[in-house]
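Novice: Submitted below is the structure of interest, expressed as structure tokens.
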Amino acid sequence: MTSGDSTHCPVCAGALGTQLLSSPDRLHGGPGSFSIARCGSCGVAVTLPPAISAAQLAAYYPNTYGAYSLPSGVLGLCSALIRSLQSWQALRTVPLGRLTEMPAGRLLDVGCGRGDLGAWFIQRGWKAVGVEPSSEACALARTRGIEVLIGTFADAEFEAGSFDVVVFRQSLEHVTDPIADLRRAHLALRDGGLLIISVPNFGCWQRRRFGGHWFHLDVPRHRFHFDGDALRRALERSGFTGIQTFTSSSTVGLAASIQYMLAGRCLFPGGLRLRIAAASCILTLPLTWAVARISQEGDVLHAVAHQGAIRPTETTPEGFTAVRRFPAETPSASSQAHTETALTPIAQLRQR
Ligand SMILES: [Zn+2]
């Protein structure tokens, strides 16, 4: 495989299959259409071309990108209220809820945006460090007490074993080399430290039903698309142990995907209209819950993994089971499902 190779998987060097689906940039309306192919070996789906420059990637993020700003005035008050509700809910459910059972330590948030996650844990006595390529978002995160390094994870240097927890919260799908970043996380974690990941679930029924209109596809910003098995293989390849995967349902996924299917693009790209639209997604929650319960899967995929040998008491924490998989679309053996329907969508947090 060579740099810029469009035929091989950047995760495992296996051969990429033919185009699985394609989509334009429905969220921000950028030019072009973007194809996605799945690796026949490790099962990850890749936005083509697999290798793009940092400058190309940066061009896909407008200044209005939700994770980079904090609104002011009345919108700011509404946004703060929404963030408070989101943190209240997120810290009471897996995977982040698990951290509230640990003594306060050092947390690294890779792709920290404006620092919502770090701010939650600073309030609980943690030391929060972030890595973020947006200078505007970095400036905001610093005002919230987070030590932020501007740039990508590859640009940052950390002492080995210096963190108790590393989090990729809706960020691993954005990076250009997920294996390299996972190995950096492994190096940054202390022995027995925890890695926590949340990404869109490419293996969910919404993606299969809506295809290129699936809200969480979000090309061209999302470069890699994981189902449970693909994420598990990437973590194993990066040296992690005690890997557990599970899913939850976002409030925004189903409603936004229906809107994409009917209108072809996001009709509410920002401002008050976006917030009203996001809030109105709660109307579809009963349907989302019902289908999630029937399908036993949600549109957000989570993983918890350990650096180093897993401790015996941590092998089967309550509430964790493997993610369901679909043999027709993924290459290896099946496992059971566990779905948690979350009132507050983790996938939505960075859009506000
Ligand atoms: Zn692969």
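Novice: Checking the a/c ratio against 1.5 first, then a/b against b/c, what shape does the Cα gyration tensor give for the range 129-192?
Specialist: Since a/c reaches 1.5 but b/c is at least a/b, the shape of the range 129-192 is classed as oblate.
Novice: Another question, then. At 7 Å along Cα-to-Cβ for each site, give me the label-to-label distance between residue 33 and residue 139 in nm.
Specialist: 3.9
Novice: Roughly speaking, what is the stretch gain from residue 294 to residue 209, that is 0.36 nm per residue apart minus the C-alpha to C-alpha distance, in nm to one decimal?
Specialist: Extra length from residue 294 to residue 209 when fully extended: 29.1 nm.
Novice: Cα-based Rg (one decimal) and Dmax (whole number) for the range 160-307, in Å?
Specialist: Computed over the Cα atoms of the range 160-307, radius of gyration and Dmax are 16.6, 49 Å.
Novice: Cut-off is 10 Å between beta-carbons; in what order do 109, 177 appear when sorted fewest neighbours first?
Specialist: Least to most surrounded, the residues fall as 177, 109.
Novice: With the alpha-carbon atoms as the only input, what is the per residue convex hull volume for the range 110-236 in Å³?
Specialist: Hull volume over Cα atoms, normalised by residue count, gives 114 Å³.
Novice: For the pair residue 261/residue 92, report the inter-label distance in nm, with labels modelled 7 Å from Cα in the Cβ direction.
Specialist: With each label placed 7 Å out from Cα toward Cβ, I get 3.2 nm.
Novice: Sorting 294, 52 on the 10 Å Cβ count, fewest up front, what's the list?
Specialist: 294, 52
Novice: Along Cα→Cβ, 7 Å out, is where each label goes; now give me the distance between the ones at residue 6 and residue 237 in nm to one decimal.
Specialist: It is 2.1 nm.
Novice: If you don't mind, another one. Binning at 10 angstrom from zero up to the longest distance, how are the C-alpha pair distances of the range 4-64 distributed in percent?
Specialist: Calculated over all Cα pairs of the range 4-64, the distribution is 22, 46, 28, 4 percent.
Novice: Can you give the FRET efficiency for residue 183 and residue 55, using 1/(1 + (r/R0)^6), R0 = 25 Å, r = Cβ-Cβ distance, to the nearest 0.05?
Specialist: 0.55
Where a number appears in this text, it was derived from the coordinates with a stated rule and is not lab data. Just so it is clear, the model here is predicted, and its values are computed rather than measured. Because the Cβ atoms are built from the backbone with ideal geometry, glycine has one as well, and the counts that use them run over all protein chains shown.
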